[in-house]
Amino acid sequence: MTTNLTPSKFKLGFIINPIAGLGGSVALKGSDGEGIAEQAIALGATPKANSRAEQALALLVPYKDDLIIYTAGGEMGENCARKLGFSVEIIYSSDSDKTTETDTENSVLVLKNIGIDILLFAGGDGTARNICATVSAISNNSGENSSDNTFPVLGIPAGCKIHSGVYAITPKAAGRVIELMLTKQLVSLTEADVMDIDESLFRQGVVKAKRYGEMQIPSELRYIQAVKSGGKELDELVLQDIAADIIERMDDDLFIIGSGSTTAFLMEELSLENTLLGVDAVCQHELLNNDLTEPQLWQLLQDYKAKDATIKLVITLIGGQGHIFGRGNQQLSPRVIREILAQQGGKENILIIATKTKLAALNARPLIADTGDSELDQQLCGYFAITTGYKDQVLYQVSSPE
């Protein structure tokens with residue numbers, strides 16, 4: 001006698017924070033806080049979280065008959081999943097057009113009772129904190145059987161701040177991890193830290209990170225990012241050499257200075273005011289503007305283009321992660337980057353600076369260009385000469401998102 005067993009469908013929890021990353025392009029450093037989303041929209045920002053979530057979910061379309069998506073209504077997941085043709089169960093709907101952290105937390109509470117296989121969510125560190133707090137509360141209230149009431153999570157990076165270790169390195173990488181689970185690959189689970197910073201201090205140029213807990217994630221090292229390295233560079237002499245090299249190359253061109261502690265050291269060597277977590281503009285060793293928004297940056301490029309000035313971009317990578325675009329510098333939008341690449345010299349107009357120690361910490365992983373524009377990401381692929389000292393450069397590979 002034989003028994004036909006019908007395999008159960010994979011239960012995928014899916015939550016999007018629709019306003020995640022909204023403040024990035026307009027120099028607000030995030031979307032957390034009362035009134036910040038409205039302020040960002042008033043300044044011309046457009047939501048990106050749904051499009052980034054769609055990049056992840058699109059990779060699962062070939063398996064849509066094998067899974068069911070449990071999600072919140074509208075822009076919190078339903079619209080994205082239905083657009084791609086998935087079978088969808090709405091588990092929560094917000095009472096307001098403006099979603100809040102409470103909507104995220106309530107969605108997680110409902111998902112707990114469904115028994116999902118994994119929660120895939122799109123957002124930033126604030127979203128991860130909300131989910132972590134709710135998952136922890138579920139575990140604490142469940143006593144000895146807490147493991148039966150929690151579930152692994154995986155973040156799709158969509159926020160301005162991505163310090164937490166619960167995120168995939170790119171949206172497509174998140175989709176690849178879920179694909180491994182759907183195809184019955186062996187995927188180990190591990191605990192990852194949830195980190196966040198104080199956005200009120202962040203907007204003043206002060207980075208103060210804090211650990212808020214941990215959550216269980218699939219530990220596919222090819223696709224899951226490391227927790228962001230923090231703190232100042234230890235080898236000040238190396239940073240002085242890097243700064244000296246770049247300063248020597250500064251002539252009549254317009255130099256756009258990206259965010260980060262390495263570029264901040266360059267500005268200190270120029271004795272210019274610096275926006276640690278923003279984008280500044282320098283010409284002839286003089287400061288033009290601090291903390292530019294994307295529209296302001298675009299207009300500045302047009303003004304200097306009319307003067308036949310060459311425009312250079314100086315950026316560094318995020319320690320421990322390797323991103324050069326798409327994390328913490330959304331002011332450098334696809335159209336801004338394309339304008340810089342369109343000049344004579346092309347990629348040579350993008351100056352990447354980093355210590356060899358910072359590059360070595362990547363363990364040969366490529367740098368990542370995640371601009372949100374796949375064609376531009378492909379254009380940026382290849383080897384760049386990274387300035388690692390005075391007249392000292394190394395060739396290092398830049399890759400597009402998975």
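The values are calculated or read from the model by the stated rules, or taken from the named source; none is laboratory data. Remember, it's a predicted structure, so these values are computed and weren't measured experimentally. Using ideal geometry, Cβ is built from the backbone for each residue, glycine included, and neighbour counts are taken over all protein chains shown.
Within the stretch 268-295, restricting attention to residues that are of a type in the set (S, T, N, Q) and in contact (Cβ under 8 Å) with a residue 12 or more places away in the chain, which residue is nearest to Gln343 (Cα to Cα)?
Gln284
Consider Lys358 carefully, then state whether it is among the charged types (D, E, K, R) and either within 19 Å of the chain's Cα centre (by Cα) or buried (at least 20 other Cβ atoms within 10 Å of the Cβ) (or both).
yes
Name the residues in the stretch 164-208 that are among the aliphatic types (A, V, I, L, M), in contact with a helix residue (DSSP H, G or I) (Cβ under 8 Å, 6 or more places away or on another chain), modelled with pLDDT under 85 and not in a strand (DSSP E or B), would you?
Val187, Val207
Does the stretch 147-164 hold any residues that are touching a residue at least 12 places away in the same chain (Cβ under 8 Å) and either closer than 15 Å to Asp117 by Cα or in contact with a Ser or Thr (Cβ under 9 Å, 6 or more places away or on another chain) (or both), and which are they?
Asn149, Thr150, Phe151, Pro152, Val153, Leu154, Gly155, Ile156, Pro157, Ala158, Gly159, Cys160
Just to check your reading of the model, which residue among Ala364, Ala369, Ala360 is more than 23 Å from Gln240 (Cβ to Cβ) and free of Cβ contacts under 8 Å to residues at least 12 places away in the same chain?
Ala364
Which strands (runs of 3 or more DSSP E) sit wholly inside the stretch 48-133 and have at least 2 residues that are β-branched (Val, Ile, Thr)?
Those strands (runs of 3 or more DSSP E) span 67-72, 88-92.
Considering only the stretch 296-334, how many residues are free of Cβ contacts under 8 Å to residues at least 40 places away in the same chain and among the hydrophobic types (A, V, I, L, M, F, W, C)?
Residues that pass the stated criteria total 1.
So Thr3 passes all but one of these: (1) modelled with pLDDT of 95 or more; (2) more than 20 Å from Lys98 (Cβ to Cβ); (3) hydroxyl-bearing (Ser, Thr, Tyr). Which condition number does it fail?
That leaves (1) as the condition not met.
Which residues, counting only those in the stretch 340-399, are β-branched (Val, Ile, Thr) and outside any strand (DSSP E or B)?
Result: Ile340, Thr355, Thr357, Thr371.
Report whether or not Leu376 is surrounded by fewer than 22 Cβ atoms within 10 Å (Cβ to Cβ), free of Cβ contacts under 8 Å to residues at least 60 places away in the same chain, in the same structural domain as Cys283 (by TED's automatic domain parsing) and more than 21 Å from the chain's Cα centre (by Cα).
The answer is no for Leu376.
Using the structure shown, decide if Asp303 is of a type in the set (Asp, Glu), at pLDDT below 90, out of contact with any strand residue (DSSP E or B) (no Cβ under 8 Å at 6 or more places or on another chain) and farther than 26 Å from Gly159 by Cα.
No, not satisfied.
Can you confirm whether the stretch 128-135 contains a residue that is closer than 21 Å to Lys9 by Cβ and in contact with a helix residue (DSSP H, G or I) (Cβ under 8 Å, 6 or more places away or on another chain)?
no
Residue by residue, here is whether (1) surrounded by fewer than 17 Cβ atoms within 10 Å (Cβ to Cβ); (2) in the same structural domain as Ile242 (by TED's automatic domain parsing); (3) not polar (S, T, N, Q) holds:
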| residue | (1), (2), (3) |
| --- | --- |
| Glu339 | no, yes, yes |
| Asn349 | no, yes, no |
| Thr371 | no, yes, no |
| Gln393 | yes, yes, no |
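Please go through the stretch 125-155 and give me each residue that is surrounded by fewer than 15 Cβ atoms within 10 Å (Cβ to Cβ) and either at pLDDT below 65 or in contact with a strand residue (DSSP E or B) (Cβ under 9 Å, 6 or more places away or on another chain) (or both), ordered by number.
Those that are surrounded by fewer than 15 Cβ atoms within 10 Å (Cβ to Cβ) and either at pLDDT below 65 or in contact with a strand residue (DSSP E or B) (Cβ under 9 Å, 6 or more places away or on another chain) (or both): Asn140, Asn141, Ser142, Gly143, Glu144, Asn145, Ser146, Ser147, Asp148.
Restricting to the stretch 246-267, name every residue that is of a type in the set (Ser, Thr, Tyr) and touching a residue at least 60 places away in the same chain (Cβ under 8 Å).
Across the stretch 246-267, the qualifying residues are Ser259, Thr262, Thr263.
Pull up the stretch 244-290, narrow it to residues that are touching a Phe, Trp or Tyr at 6+ places or on another chain (Cβ under 6 Å) and assigned to a helix (DSSP H, G or I), then point me to the one that is surrounded by the most Cβ atoms within 10 Å (Cβ to Cβ).
Out of the qualifying residues, it is Asp245.
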